[in-house]
Amino acid sequence: LSQQERLEGIAFPSKDTGIIVGDFGTILQSTDRGFNWRAVNPNNPVTSEHLYSVAFANSNIGVAVGTNGTIVRTTDEGNSWNGINNVFTGSNTQVDYQQVQAFPDGTFFARAGANLLRSTDFGQNWIILTGVNDTFGMSFYSPQIGIIASRLTSSAIVPDTAYFAYTTDGGTTWPQFTVPMWAYNQILFHWLSEHEVLLYGIYGFIEDVDFSAPSGVRITQISQPPDFSVYPNPSSGNVQVSYTSKTSGPVSIDVYDESGRMLKRLFNGEEIVGDHTHTFDLSKSTQGSYFIRLTHDGKTSTSPVSVE
């Protein structure tokens, strides 16, 4: 593997077996929990296209997607792969697949340019979902419930409004909603429940979206920089949590895992008005994504943090 070749997507179909995909059809496999990796069929790759993303429905069956409509599939933990016929025709075959997500019942979703695709037979056959005009981000909580970031207006570099849509019926219908102007950046998703999701981005905005609100979609801003920041992020050791107290009172700082489970209270005490910085050691945490939540004066702010 050349050092110039990029590795893009990773998935672990089982505790021991991992798959990484990347440039020029690169597929790497580990069978010892990621300590050692080997190239799968390096002399006869299943594709020469750039692979962006990989996901597994179970320990055996997985799908990787990439440029020019590429879909490849494995049924033996990634030991061998086969190409899937392109669902697009004509010039549309050049569309790039940027993301794939899988569920144990055999449902796969793939984000392909402005389109969203679904398979319900473990990645063998795919359909293009209707009602999706454009998408540059997707996340599904279950085969029925999901959300996409939908760039419906793209005339401005920094749009006045961010457009989103969600589904609760597997992609049959897509009610839309908007979020007030935010710094144009990558959108990430974190599900709190089947009807509540956090939207956040690299410039620090976090919005809580509740699909079950009586009046429809309820959107609540969780935090806004520079009142609360975590540095460095990603981190392999100490992180600094900095914030500004506008009033005196009790402050608590907690760390949560991706499922929303509180792992540890990092700080609990009284703070006076002004700027504050606390340093915490996360070096013993397992690699992955976490959320640091700060509560002060009855208000809660949340910031994602990655531990490498």
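Anything in the range 136-160 that is surrounded by 14 or more Cβ atoms within 10 Å (Cβ to Cβ), among the hydroxyl-bearing types (S, T, Y) and either at pLDDT 80 or above or more than 22 Å from A110 (Cα to Cα) (or both)? List them, or say none.
Hits for the range 136-160 are S139, Y141.
Within the range 219-236, track down each residue that is at pLDDT 75 or above and either within 12 Å of P304 (Cα to Cα) or over 23 Å from the mean Cα position of the chain (by Cα) (or both).
F228, S229, V230, Y231, P232, N233, P234, S235
Mind checking which residues of the range 251-262 are farther than 14 Å from V305 by Cα and at pLDDT 85 or above?
Within the range 251-262, V251, S252 meet the criteria.
I'd like the residue in the range 246-267 that is over 17 Å from V230 (Cβ atoms) and more than 19 Å from the chain's Cα centre (by Cα) and, out of all such residues, is most open to solvent (accessible area, probe 1.4 Å).
Here the residue is K246.
List every residue pair whose Cβ atoms sit under 6 Å apart, with the two residues 6 or more apart in sequence or on different chains, where the first one lies in the range 14-31 and is farther than 16 Å from S80 by Cβ and among the charged types (D, E, K, R) and the second, anywhere, is open to solvent by 30 Å² or more (accessible area, probe 1.4 Å) and at pLDDT 95 or above.
That search, which allows pairs on different chains as well, returns D16/T31.
Checking T244 against (1) within 19 Å of I206 (Cβ to Cβ); (2) out of contact with any His (no Cβ under 8 Å at 6 or more places or on another chain); (3) hydroxyl-bearing (S, T, Y), which single condition isn't satisfied?
(2)
Any chance you could count how many residues in the range 58-92 are open to solvent by less than 10 Å² (accessible area, probe 1.4 Å) and more than 17 Å from I27 (Cβ to Cβ)?
Within the range 58-92, residues that are open to solvent by less than 10 Å² (accessible area, probe 1.4 Å) and more than 17 Å from I27 (Cβ to Cβ) number 1.
Filter the range 187-203 down to the residues that are open to solvent by 30 Å² or more (accessible area, probe 1.4 Å) and at pLDDT below 75 and list them by number.
Selection gives I202, Y203.
Could you list, in sequence order, all residues of the range 90-123 that are part of a loop (DSSP other than H, G, I, E, B) and at pLDDT below 95?
Across the range 90-123, the qualifying residues are V95, D96, G113, A114.
I want to confirm something. Restricting to the range 268-288 and keeping residues that are touching a residue at least 40 places away in the same chain (Cβ under 8 Å) and open to solvent by 30 Å² or more (accessible area, probe 1.4 Å), which single residue is nearest to Y243 (Cα to Cα)? Spell out how you get there, then give the answer.
Filtering the range 268-288 down to residues touching a residue at least 40 places away in the same chain (Cβ under 8 Å) leaves 279-283.
Filter again for open to solvent by 30 Å² or more (accessible area, probe 1.4 Å), leaving 279, 281, 283.
Details: T279: 12, D281: 18, S283: 22 Å.
Top of the filtered list is T279.
Suppose we keep only residues that are over 22 Å from the mean Cα position of the chain (by Cα) and outside any loop (DSSP other than H, G, I, E, B) within the range 1-28. Which one would you say is surrounded by the most Cβ atoms within 10 Å (Cβ to Cβ)?
Ranking the candidates gives G25 first.
Checking the condition charged (D, E, K, R), farther than 27 Å from I187 by Cα and in contact with a Phe, Trp or Tyr (Cβ under 9 Å, 6 or more places away or on another chain), which residue from R38, R33, R118, R111 passes?
Matching residue, one of R38, R33, R118, R111: R33.
The values are calculated or read from the model by the stated rules, or taken from the named source; none is laboratory data. For clarity, every value in this text was computed on a predicted model and none was experimentally measured. Positions of Cβ are generated from backbone atoms using ideal geometry, with glycine treated the same way; all protein chains shown enter the neighbour counts. Note: areas computed on protein heavy atoms with side chains; ligands, DNA, RNA excluded. Shrake-Rupley method; radii C 1.70, N 1.55, O 1.52, S 1.80 Å.
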